[in-house]
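Notes follow once the structure below has been shown.
The values are calculated or read from the model by the stated rules, or taken from the named source; none is laboratory data. Computed from a predicted model, the values in this text were never measured in an experiment. Just so you know, the surface numbers come from the protein's heavy atoms only, side chains and all, with ligands and any DNA or RNA stripped out. Shrake-Rupley method; radii C 1.70, N 1.55, O 1.52, S 1.80 Å.
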Amino acid sequence: MTPYTYLTVRQAATRLAVSVPTVWRWARERPDFPKPHRLGPNCTRWRLSDLEEWEAKRGEVAS
């Protein structure tokens, strides 16, 4: 089993250089944006590897 690194919404927003509400909006409205994982009743996180993959795909499109 591969251990994953998880980011909070604030960490994801910082990494993507957007606001926290933007991360939530993208998760809700953009089918290509990684969905968050519920780790507990009050704990939602994004997998770093999912965000990295999404960033790489966006970089291919922009090129």
Quiz item: Pick the calculated Cα extents along the principal axes in Å for this structure from [x] 39, 31, 20; [y] 77, 25, 14; [z] 37, 34, 15?
Solution: [x]
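What number, rounded to the nearest 500 deg cm²/dmol, is the helix-based mean residue ellipticity at 222 nm of the chain, given -39500 (n - 2.57) per DSSP H run of at least four residues and division by all its residues?
Values: 3 runs with 33 residues, N = 63.
Calculated at 222 nm, the ellipticity per residue is -16000 deg cm²/dmol.
With every protein chain left in place, what is the accessible area per residue of the chain in square angstrom, probe 1.4 Å?
Numbers: 4550 Å² over 63 residues.
For the chain, the per-residue accessible area is 72 Å².
How much of the accessible area of the chain, in percent, comes from carbon and sulfur atoms when a 1.4 Å probe is used?
Working: 2420 of 4550 Å².
Carbon and sulfur atoms account for 53 percent of the accessible area of the chain.
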